[in-house]
Amino acid sequence: MRNRHNLAVVLSAVVLVGCAALILSQGVNAAGEGKITGTVKLDGPAPHMKGIDMSKDPYCSKAHASDPAHYETYVAGANGGLANVVLYIDGWTGAAQASNAVLVFDQRNCMYTPHVLAMDTGESFKVQTSDQTAHNIHPNPNPMTGNIPWNQSQPPGSPPVEKSWKATEFIPVKCNIHPWMNGWFAVVKGPYATSDENGNFTINNVPPGNYTVTAWHEAAGTQTQKVTVAAGAAASANFTFKAK
Amino acid sequence: MHDMSTHAVPHGAPTSFIRKHVFSIDHKVIGKQYYALALLAALIGMVLSWIMRLHLGYGSLAIPGLHLLSKNGAPGDVMTPEYYLQLMTMHGTIMVFFVLTTAPFAAFGNFFLPIQTGAEDMPFPHFNMMSFWVTFTAFLVLVASFFTGTGPTLGGWTQYAPLSAIGDVGGPGEGLGVVLWAASIAIFCIGQLLGSLNFITTTLDMRCKGMSLMRLPLTAWAWFITSIMGLTAFAVLMPACLLLILDHVAGTSFFRPSNAVINDQVLPGSGGSTLLWQHLFWFFGHPEVYIAIVPGLGIVSHVLITNMRRPMLSHRVLIYSMGALALLSYMVYGHHMFVSGMNPVSSLAFSFPTLVITIPSTIVVLIWLGSLYGSRLRINSASLFALGFISMFISGGVSGFFLAQPSIDIMLHATYFVVGHFHLVMGVAAMFGIFAGTYFWFPKMTGRMMNETLGKVHFWMSFVGAYCIFMPFHYLGIAGNVRRYQAFTDDYLIPLIPVHKFITIAALFTGFAQLIFVYNLIHSRFWGKVAPNDNPWEGTSLEWSTATPPPHNNFGDKMPVVYHDPYQYSVEGASTDYVMQTSTEQLKNTDEEK
Amino acid sequence: MSQADLSIHAQVSRTGATETMTAPTFSVPAKKMAMWLFIIADSATFAGCLVAYGFIRNATPDWPRPFHSITNVAIMTLILLTSSLTMLIGVRSAEQGDKAKAFRFTMITVALGILFAVLHIREWMGMIGEGATLFHNPWGTPLFSSLFFSITGLHLLHVTGGVIALIAVALKYQGGRYNADDLEITGLYWHFVDLVWMFVVPLVYLLNLAH
Amino acid sequence: MAKIFAVTIILIAIASAIPIVMHMWPMPQDISTHGYLIDEQYTDTMWEAGLSFLASQFLLAFFIWKFSSPKPGDKIKSFPGGAKGLVIAAFLLVGTECLALGVFGVKAWASVYFTAPSANAMPIQVQAGQFAFYFRYPGPDGTFGPLHPDKISEANANFFGLDTTNDPDSKDDIVTAEMAIPVNREIHLLMHSKDVGHSFYVPELRVQQDFVPGLDVTLHFTATKIGKYEIVCTQLCGLGHYNMKAYLEVMSQEDYDAWIKQQAALQ
C-alpha cells in the first residue's frame, strides 16, 4: 500500500513539473512570435441587404424604430472592406491558443453581436442577452463532427450561458423566436482573427514558419493564401471576395 | 368437467416484511401502496403547479432555489419558457395518470372492491402485485426524465405529433424526454390492464353468497364500469406510444410529416400523419376523463348515502347512468379535435353525442339532489367533500355545454376556459371524491380516525380556494386567454394579468390546505384516535361488517352471506336505522333489488 | 385433483358451507374470464394498429403494392387455420379425458405455430433481402414497411408467445398440474391469434397485391 | 356548519355569475361577418348553462340547509315524482336543451366551414413555423409559386423556400411578416405549416384553425372593421409558443393598395 502512495506522489510531481515547463516554455516562445495582418475587400458594390420586418415582436421593432435593421450577410465598410470574415491558419498543429479575452455573443436589439464569433476549439464563450424580450439560442452543428447541438432560452435577466465547441466547424446559430436572427460560431484550430468593419484583421501569436491562411465568409466562400512569418515581424495577407 | 373453482387459490398470511409490505399480493396492501404512490405524485404535481402559478402571476419574480431543480431550465432562478412547458407537461401527466387514475380507481378500488363483493382476495393476486409495481416503474421512468440533460418533454400531456416525434430539434426534452414519457405511459398501460382484469373478474366471479350484481354498492359498480373503460382505452394508447417510440429510435415516420423544416434544415420523415396521433390519443383520452371521474361518482354516492341515512332514489338509474357515461365516452372523443383540421362534418357527428352525454350526467346530479331532499344529512369531513364534489361537478359540467359545440369551440378551444372546465370537473371534483373516500374509509383502512377539525379546515380552504382558482379561468378563456403560454406578452392579454395574480394567490392558499391534509393523514395514521368500532359511520355495505382493519383474508373464518340491498337505511319497521347487508333481519315494505 | 379443487375443499372445511360464493356471472370462471378480457384488450391494441394502418394508407397517395403472389401467405394462413383445428381437437380430447391425445394435438399445434413463425420469418428475410427495413423500402413510401413490419411483428410476437405458452401449459397438463380448462383457456388465446391473422391478411397483404 | 356551507355555495354561485353578467372580461369585439352567429350561439348557451348552474347550485344549497339538522324522529321523505320523474325531467329539460343547442349551433358552424369561398376572395398564404407567422401574397399574376422546403433559409429571408430564379410564379410573390387585408373583402387563407402543429387564432375575427403539417387547410373570412389585431398561436408548438404571433391589419382598400406596393418594393 505505502509503495503505491509513493508512486502516486512521484507521478503527480512529475506531471506538475511537466505542466509548469510547458507553460513556461510557451511564455518564452511568445517573445519570438510573429503575426499576420491584412485587409479583406469586397470586389464591387456591396449587395443590397434586405430590411428586417420585426413587427412580430414590438420590443424589437421599437428598438429599431429610428435605425431600421438589415440582414448582415455582407457588411461592407466605406472603403470596400468586408467585415465578418474569419481568418485562421489551415492545418494548425501547434498548441491551443491561450485566450485572455472573454468571448461574448450578445443578443442586442434582436440581432446577434457579433454576427460571427470566431473561437478556438475548446475555448469557452458566453452567450448573453441585453434585451427585454426572450430569445432562444439554437446552434445547428453537423452531428458528424462531434459537436452536440443545443437549444436554450434566455429570458430577460437570465445570466449568461457559458459554452464551448469540441470540433472545428462553422456552425449556424439561430433564434427560433425571432426567425430573422442568425449568426455563426466559427470554430477553428489555432490563432484566428475576424475582419472588422473596414476589413482589417490581425492574427496574433503566430510562431515563425510557413503557413496557409484561410479566409472564410459565410456567403462568399473561402480563400487561402500562403504566408511566411518571421520571428517578431508581421506578415501580410490580403483577400478580395466577390459577392455571390 | 366444470369443476373449476371461481376463487383464487387462497394464500396464507405472509410473514416476512418484504412479502407483507413491499411485494405483497394482498389487495389491501396493494391498495395502500397505490394510495401512497398517488399521494407522492399529487404532492409533486402540486408543487409543479405552484411554481407555474408563481411564474404566471409574477413573471419577473425569480423563485429562489429554482436553479437547484434545473440548471438549464432556470439559470439564476429565472424560469425559461421551455422549463415552464416542461413543468406543465409533467404536472398534467403526473396528475392525470398517477393521481386521478391511481387514487380513486386503483387505490380505493383495490382495497374495497373485493371486500364489498365479499371476496377473500382478487382472483389473480400476483397480477395485482405486478400491476402496482409496473405502475410504480412507470412513475420512476417518468420522473427520471427530470434528470436527463435536457429535462422532460415540453409537449404537453397530450403530446401532439409531430412536435413529439421530431426529436431534440423541436425543443429541449423532445428527444430523450419524449421517449421516457412514451415508455412510461406504455408501461402504465400494462399496469392498468392487469388491474382491470382483476377488477372485472372480481366483480363478476368473486361475489359472496347472496351478492347479486344489483346488490353491489355503487362504488363497486363504479370501479367495475371504470375497469371496463380502462381495459380498452389503455390498450389503444399503448400501441400509439410504441409507434411514437419507434419514430424516435427506429427511424420510422408514423407521426413525422414530409418536409418539415426547422432551423433551415429539412428533417427526415416521410408522409407520417399528425392527425393519427390525435385520433389514437383522444380515443384513449376521452374515456380517460371518465376513468378519472366515474369512481368519484361511486365514492360520493356511497359516502352520501351513508351520511344521508337513506338510499338513492334509484340504485339502478345511477348504475345505468354511469354505464351510459362509459359507453358514450368512446363516441365523443372527436370534440377535442374540432379545430384540428379534421373533416368539419365529423365535428358535428362528434358534437351530438357530446351534448347527449350531459343527459346521464344530469340524471346523476338530479338523483343526488332528489335523494338529498327529505334526507337526514350528517355533516362531517367526508360528507362535506362529497357535497363539495356535487357542487364542483355541476360547475365543471355546465361549461361542457360550450365546448361540446364546435361553433363556440372556435372561440374557446385551447383557452383557459378549457383549462377551467376540465380542472373543475376532472381535477377538483375527482380530488374531492378522493378526499371524501379518504375521510370516510380511513378508519377501515388504518383502524384510526382522521382529525375532524383539521378535516373541516381542509375542506373549507379547498372548497373556497378551488372556486377562486378555477372560476376565473373561465373568464380568462372567454376573453381569449390562450393556455400553455408561459408569459402574456400579447397586447390583449396584458389587462388580464391581475386576474392571474389573483389566481396565483388562491392557488398557493389552496395548496397550503392540502399540506394540512397530508399532515392530518400522517398524524392520524400513527397517532390518531382509535376507531371506536368496526362501523363508525353506521354503514351497511360489507366493508363495515368485517374487522378493522380487515384481516388478511378480509372476513376471517366466516365468509359473509348477503341478504339485503347495499343501502338499507331508515327502513320502516327495522330494528335500527340501518340494516347491514349481512343482517339476517327480515324486512317488510321494501322491494329489494334482485 | 387440481389446486382449484383443493381451494373449494379448503373453504368447505373452513366455513362448513358447501357453497360460499354466488355463481359466476355468465358461468364463466375467473381464469377464462380473464382470458376473454385480455382478448378484448388485445383486440383493441390490434384495432389501434390496424386503424393507424388504414388511416395512413388512405392519406398516402403513392401507396406501394409490392406483393406479387399470395402463395406464401396462403400457406401460412392455411397452417394457422389448421393449427386452430388441431387446438380444437386437443381441447376436445382433454375435455373427454384423453390425456395422451390432448397432449399430442397440442404439440402438433405448437409445431404448426413454429412452422408458421419460420415461414413468416422467411418471408421477412425475403423482403429484407429486397431492401426493405423498418424505415425504408424499394417500392415507395417508407411507411409501408414501417406498418408492415410493426403489425406483422406484433402478430408474430403473439404467435411466439402463444407457442411458448402452449408448450408450458401442455407440459404442465401432461404433468398433472394443469387441467383441461387451462388447456382450453390457452386454446382461446391461440384462436384469437388466428383470428387476428384473418384481419391482417386481407388488410396488409391482399390490399397490397400488385395489380 | 351546514348552513354556513349552504350560504357559501350560494355566495360562490352568485359571485361566479357576476363577472359574466357585468361583462367584466368580455369576449373581444367581433369584426367578422360570420361572428355574430357564434356570438348568438354563445349567448344562448350562456343563458342555458348559466341558469342550469345557478338553479342546481341553489337547489343543492337549499337542500343542505334544510335537511342537515334533522330532529330526532324525523322520517325520511321521498322526492315528489321519485327517480322516474327526475329521469324524465332530465331527458326533457337537458335533452331538448341539447338538441336545440346542437341544431342551432350547426348554423354557426356551417357558416364557417360548409361554405366555399367566393370566386373573388383574395388568396393569402400563411405559413406557421417555430415561432413566427409569415404571409405570402401572390402578387400581380395572382398565382403562388411552388414551395421548396430545401430552399428555406431564414438567414436570407427566404421564409417560404421560394425559387425566384427558376419559378416565374414566385418572382412577384410578396412575403411579409404582418398580415394586411382590405376591409370588407373576403379573404381565402391557405394555411401551411413549415414544421409542427400551430394554430391561427384571431379572437376578434372569431376564427381559430390548426395548421396540420403535411396537410394544407384553408379558411375564409371577411373583416368588417379597420384596426390592428393580433394573430396568436394556440397549438403548443415548442418553447417559443407564447411568443408566436403576428399582427393583422385591416385597412381601407386605398391604404392596403399602398401597403402592398410598399411591400412589393421591399422584396
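The values are calculated or read from the model by the stated rules, or taken from the named source; none is laboratory data. None of the values given here were measured: they were computed from a predicted structure. Note that we place each Cβ from the backbone using ideal geometry, even for glycine, and neighbour counts take in every protein chain shown. Note: accessible area is taken over every heavy atom of the protein model, side chains too, but ligands, DNA and RNA are not part of it. Shrake-Rupley method; radii C 1.70, N 1.55, O 1.52, S 1.80 Å.
Summary of values
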| quantity | calculated |
| --- | --- |
| From the options B:GLY400, B:GLY388, B:GLY427, residue that is in contact (Cβ under 8 Å) with a residue 12 or more places away in the chain, open to solvent by 10 Å² or more (accessible area, probe 1.4 Å) and facing chain D (nearest Cβ under 9 Å) | B:GLY400 |
| Selection within the stretch B:208-234 - over 26 Å from the mean Cα position of the chain (by Cα) and open to solvent by less than 10 Å² (accessible area, probe 1.4 Å) | B:CYS208, B:MET211 |
| In the stretch B:107-147, the residues that are of a type in the set (Val, Ile, Thr) and within 22 Å of the chain's Cα centre (by Cα) | B:ILE115, B:VAL134, B:THR135, B:THR137, B:VAL141, B:VAL143 |
| Condition met for B:LEU355 (over 30 Å from C:THR60 (Cα atoms), within 9 Å of chain D (Cβ to nearest Cβ) and either open to solvent by less than 10 Å² (accessible area, probe 1.4 Å) or not in a helix (DSSP H, G or I) (or both)) | yes |
| Pairs with Cβ under 6 Å, 6+ apart, first in the stretch D:161-185 and closer than 12 Å to D:LEU147 by Cα and open to solvent by less than 30 Å² (accessible area, probe 1.4 Å), second part of a strand (DSSP E or B) and not hydrophobic (A, V, I, L, M, F, W, C) | D:ASP173/D:ARG136 |
| Single match in B:SER16, B:SER70, B:SER24 (criterion: more than 26 Å from B:LEU216 (Cβ to Cβ), over 15 Å from the mean Cα position of the chain (by Cα) and away from chain D (no Cβ under 14 Å)) | B:SER16 |
| Extreme residue, most open to solvent (accessible area, probe 1.4 Å), among residues of the stretch C:72-106 that are away from every other protein chain (no Cβ under 14 Å) and of a type in the set (S, T, N, Q) | C:THR82 |
| Unmet requirement for C:SER43, which otherwise passes all of (1) more than 7 Å from chain B (Cβ to nearest Cβ); (2) touching a Leu at 6+ places or on another chain (Cβ under 7 Å); (3) not aromatic (Phe, Trp, Tyr) | (2) |
| Single unsatisfied condition, B:VAL518 versus (1) out of contact with any strand residue (DSSP E or B) (no Cβ under 9 Å at 6 or more places or on another chain); (2) open to solvent by 30 Å² or more (accessible area, probe 1.4 Å) | (2) |
| Unmet requirement for B:LYS456, which otherwise passes all of (1) more than 8 Å from chain D (Cβ to nearest Cβ); (2) assigned to a helix (DSSP H, G or I); (3) under 19 Å from B:ILE522 (Cα atoms); (4) more than 20 Å from the chain's Cα centre (by Cα) | (1) |
| Only listed residue being touching a residue at least 60 places away in the same chain (Cβ under 8 Å) and either of a type in the set (Ser, Thr, Tyr) or surrounded by 24 or more Cβ atoms within 10 Å (Cβ to Cβ) (or both), chosen from B:LEU280, B:LEU237, B:LEU244, B:LEU267 | B:LEU244 |
| Whichever residue in the stretch B:321-343 is within 11 Å of chain D (Cβ to nearest Cβ), open to solvent by 10 Å² or more (accessible area, probe 1.4 Å) and touching a residue at least 40 places away in the same chain (Cβ under 8 Å) and, among such residues, is farthest from D:CYS237 (Cα to Cα) | B:MET342 |
| Condition check for D:ILE38: touching a Lys or Arg at 6+ places or on another chain (Cβ under 8 Å) and closer than 29 Å to D:HIS220 by Cβ | yes |
| Lone qualifier among A:ALA63, A:ALA46, A:ALA69 - being open to solvent by 20 Å² or more (accessible area, probe 1.4 Å) and modelled with pLDDT of 90 or more | A:ALA63 |
| Qualifying residue in the stretch A:169-189 (condition: surrounded by 21 or more Cβ atoms within 10 Å (Cβ to Cβ), assigned by TED's automatic domain parsing to the domain that holds A:GLU72, over 15 Å from the mean Cα position of the chain (by Cα) and among the small types (Gly, Ala, Ser)) | no |
| Filter pass, B:LEU493 being over 16 Å from B:GLY427 (Cβ atoms), surrounded by 19 or more Cβ atoms within 10 Å (Cβ to Cβ) and more than 8 Å from every other protein chain (Cβ to nearest Cβ) | yes |
| Search result, residues across the stretch A:143-156 that are surrounded by fewer than 21 Cβ atoms within 10 Å (Cβ to Cβ) and over 20 Å from the mean Cα position of the chain (by Cα) | A:MET144, A:PRO156 |
| Within the stretch C:56-71, tally of residues that are over 10 Å from C:ASN208 (Cα atoms), of a type in the set (D, E, K, R) and away from chain B (no Cβ under 14 Å) | 0 |
| Number of the condition not met by D:TYR242 [criteria: (1) free of Cβ contacts under 8 Å to residues at least 60 places away in the same chain; (2) crowded, with 24+ Cβ neighbours inside 10 Å; (3) farther than 22 Å from B:HIS336 by Cα] | (3) |
| Unique match (being in contact (Cβ under 8 Å) with a residue 60 or more places away in the chain, more than 14 Å from chain D (Cβ to nearest Cβ) and assigned to a helix (DSSP H, G or I)) among B:LEU521, B:LEU515 | B:LEU521 |
| Test for D:PRO213: is it within 10 Å of chain B (Cβ to nearest Cβ), surrounded by 19 or more Cβ atoms within 10 Å (Cβ to Cβ) and touching a helix residue (DSSP H, G or I) at 6+ places or on another chain (Cβ under 6 Å) | yes |
| Sole residue being in contact (Cβ under 8 Å) with a residue 12 or more places away in the chain, part of a helix (DSSP H, G or I), open to solvent by 30 Å² or more (accessible area, probe 1.4 Å) and within 14 Å of chain C (Cβ to nearest Cβ), chosen from B:MET130, B:MET95 | B:MET130 |
| The stretch B:56-83 - residue that is of a type in the set (S, T, N, Q) and more than 14 Å from A:GLN154 (Cβ to Cβ) and, of those, least open to solvent (accessible area, probe 1.4 Å) | B:SER70 |
| Output for the stretch B:248-264, where each listed residue is open to solvent by less than 30 Å² (accessible area, probe 1.4 Å) and either in contact with a Lys or Arg (Cβ under 6 Å, 6 or more places away or on another chain) or more than 14 Å from chain D (Cβ to nearest Cβ) (or both) | B:ALA250, B:THR252, B:VAL261, B:ASN263 |
| Among (1) more than 30 Å from B:SER258 (Cα to Cα); (2) open to solvent by 40 Å² or more (accessible area, probe 1.4 Å) - the single one D:ASP141 does not satisfy | (1) |
| Matching entry among B:THR201, B:THR153 (being of a type outside the set (Lys, Arg), crowded, with 24+ Cβ neighbours inside 10 Å and either more than 14 Å from chain C (Cβ to nearest Cβ) or within 18 Å of B:ARG256 (Cα to Cα) (or both)) | B:THR153 |
| Subset tally (residues that are within 13 Å of another protein chain (Cβ to nearest Cβ) and touching a helix residue (DSSP H, G or I) at 6+ places or on another chain (Cβ under 6 Å)) for the stretch B:543-559 | 2 |
